[in-house]
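The values are calculated or read from the model by the stated rules, or taken from the named source; none is laboratory data. Just so we're clear, the structure is a prediction, and the values are computed from it rather than from any experiment. Neighbour counts run over all protein chains shown; Cβ positions are idealised from the backbone, glycine included.
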Amino acid sequence: MTRFASALLPVFACLVLTTSALAQAPVTVPAEGGDVSILADRMDQVGSLLIGIGNVEITKGTSRLTADRVEINRETGEAVAQGKVIFYDGQDRLLGDRIDYNLKTGTGVVYNGSAFSAPYYRLSGERMERVGEGVYNIQRGVFTTCEGDPPLWSFRVGRATADLDDYIVGRDASFWVGKIPLVPWVPFFAAALRRERQSGFLLPTFGNSNRKGVFAKIPYYWAISDSQDATFSLDPFSKRGVGLSGEYRYILSESTRGTVQAFGIRETERHDEDRGNVTLKHAWQITPRLSFNANINAVADDGFFREYGDRLHDRGVQRAESNLFAAYRGDSCNLTGRALWYQDLTTRRPVELQRVPEVRFQSIRQPIPGASALLFDTESSFTNFIRDVGSDGRRLDLHPRVYLPLSVAGYFTVTPFVGGRATYYDSRVIASRLTRDGAIPVEETRDASFVRGLGELGADLEARATRGYDAGGTAGISRLQHLIEPRVNVTEIRGVNQKDIPQWDPGGGVVNPLAAPLADLGVDRIGRISRLTYSLTNRLNAKTVAGTGQEAVRWELLRFSLGQTYDLPPNKGEERFGDLTGDLILQPNQHFKFRGDARYDVYGRGLQSVNSDISATLWDVTATAGTRFDDKANLEFVKGQVQAKVSRYLDVRAATNWDVRTGTNVESRFGLEIHCQCASIMLEYVSRQKNEDEFRFSVNLLGLGQVGSRAGAGGGQ
């Protein structure tokens, strides 16, 4: 009945002007905004009273009113519709035993009314008094999104104000599950009914934790505009203090969007300490070639995420990194600039090495003008390093290379290359020491400008052999293609001024023969090198059987690579061979995928690292498992996760992370979700090491959001 007055005012006005008559057939009456169609078993007029009796139906546009009887007083403008009254207006529907309406004042009362607002909102009341355009004061009302009598859940209010296109606000409310008053009384209740985004309070969450005590989250949603919205929450903790959190989201254009998230709390119940974090993400595609991205992360203290983080990844984060990044991508070159800074959460010493700014220029491999047989590329960068404790300074690096690809009888390609590298430093290392706590080695430098010069000579050898096979439709595959790709790289580097170089960018240290040559070395670590790298890759590509009117799907069914490095003379050392490295990807269909990699020491030390991930989906069950092993880092753990849709009403899930070396459960989660027609219930148990167990409960009410709680045990959050 959101537009009850505007739709029915011309209807009743036309009825007042219509003479008494039998109306067995529809009567069309011209009216402002469109014709009104009136149909009733009988139409009578007694004095100033016009009466429609039996199956009365009044239609105007998309609005329609049906009732057993309608009476209209011409003099006072009062109208009464009785008996199975139903008003249809678009997707909304209003039912009542009786409607009293005054055409002159625009006010009225619906008795024992029930309103249905698309897509699923249901509102009823013993007395619904119309006080404005689609706005009602309700006495003893019931609000729900459930079907059935009684509904699965409902809010009952003593008094409420509702706009069927906007909101409902009530007092003296209670929450019912079926016929049971689960929450007998709450002083205030509010919910948004509008089918578009609507500002208003969301349902709160509650909980209890041994660390934080009793806590709550009371959110308010603000629909700022079509392109902006925000959520603000009050977060009180009985053992910590009162916190505030917020998230602001915006889409300024098709090419510009972002989010800002923040949480802050003054722990008045502990040490009166201010804690919190802020995250900002902004993406701006300025032109098709020019883009800007910002990712800002700031945290008040090193232990914040360990105490307030939820997921294992959040609780174990080791640094809060911020990055301002601009990029121009041309046809043959890329220019990028960034400011990178971070907060190390593993130490209290300010040893973070910030890059403010860093500018990088890269050109792709391309023919040299006037000498098309030769190719060249270049990579250059300028970085300003800033640090409170340890060495800092500026570095300019230039690295051009020239290539000559040669095809040998069409079987393989040999590409000799020559390059040079000039790296300017404004500081030279004079000593190294440990920080005051003795935990971190740092360099001491003095101002001294110098250039490290490197000469580079080498060659790449690449080949590819292919063969196709007819699969005959086995497992839905029509054709297979096998590719064998051997690769060999030899690189020789010599140089001058390679001593006392600040190690601002030393690199990762682990040689990976399957990556780009020398990818393990940072700019500052490159020195005298003579290295041979070789690898062999096998690929198996598949093509599906194409049905009528369908296109065949092609994908990489299998990829298996092996690689190794060998240090050539004059490099010293008895162990010239690097670790044998393998990488395997297997995806026979869309339901199964495996990926693994391993490093094996050929001098008797065995496996150095193993990583594997496997995922499988069968019917409504999805399972993933993975292993992580690194002998040097003393790391070995197993992780797994399974999700299953047991029925249309029940989903279950479980996940675990297990430290194999210590025999410790790092984190395990077990949960189930029960779905109903208008609600869902989620139960989750989280078990962590150090007895940080936690139980979570939440209810998602269709059209309203979530209500929930957390209960921790033994130090859980």
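Do we find that Gln590 is in contact (Cβ under 8 Å) with a residue 40 or more places away in the chain and out of contact with any helix residue (DSSP H, G or I) (no Cβ under 9 Å at 6 or more places or on another chain) in this structure? So Gln590 fails the test.
Here the condition is being buried (at least 19 other Cβ atoms within 10 Å of the Cβ), at pLDDT 85 or above and assigned by TED's automatic domain parsing to the domain that holds Leu480; of Ala515, Ala542, it holds for Ala542 alone.
A single member of Gln498, Gln481 is in contact (Cβ under 8 Å) with a residue 40 or more places away in the chain, of a type outside the set (Asp, Glu) and more than 30 Å from Ser391 (Cα to Cα), and it is Gln481. Applying the set (1) in contact with a strand residue (DSSP E or B) (Cβ under 8 Å, 6 or more places away or on another chain); (2) of a type in the set (A, V, I, L, M); (3) more than 22 Å from Gln590 (Cα to Cα) to Leu540 leaves exactly one unmet item: (3). Here are some residues: Gly419, Gly410. Which one is out of contact with any Asp or Glu (no Cβ under 7 Å at 6 or more places or on another chain) and assigned by TED's automatic domain parsing to the domain that holds Asn497? Every option except Gly410 fails the conditions. Here are the criteria: (1) out of contact with any Gly (no Cβ under 8 Å at 6 or more places or on another chain); (2) within 26 Å of Ala81 (Cα to Cα); (3) modelled with pLDDT under 90. Tell me which single one Asn137 does not satisfy. Here Asn137 clears every test but (3). Among the conditions (1) under 22 Å from Ala633 (Cβ atoms); (2) among the basic types (Lys, Arg); (3) surrounded by fewer than 16 Cβ atoms within 10 Å (Cβ to Cβ), Arg554 misses just one, which is (1). For segment 396-434, residues that are hydrophobic (A, V, I, L, M, F, W, C) and either crowded, with 17+ Cβ neighbours inside 10 Å or within 44 Å of the chain's Cα centre (by Cα) (or both) total 7.
Looking at segment 219-231, is at least one residue part of a strand (DSSP E or B), under 30 Å from Lys690 (Cα atoms), outside the structural domain of Gly158 (by TED's automatic domain parsing) and touching a Ser or Thr at 6+ places or on another chain (Cβ under 6 Å)? No, segment 219-231 contains no residue that is part of a strand (DSSP E or B), under 30 Å from Lys690 (Cα atoms), outside the structural domain of Gly158 (by TED's automatic domain parsing) and touching a Ser or Thr at 6+ places or on another chain (Cβ under 6 Å).
Is it the case, given these coordinates, that Asn700 is under 25 Å from Ile218 (Cα atoms) and crowded, with 16+ Cβ neighbours inside 10 Å? Yes: the conditions hold for Asn700.
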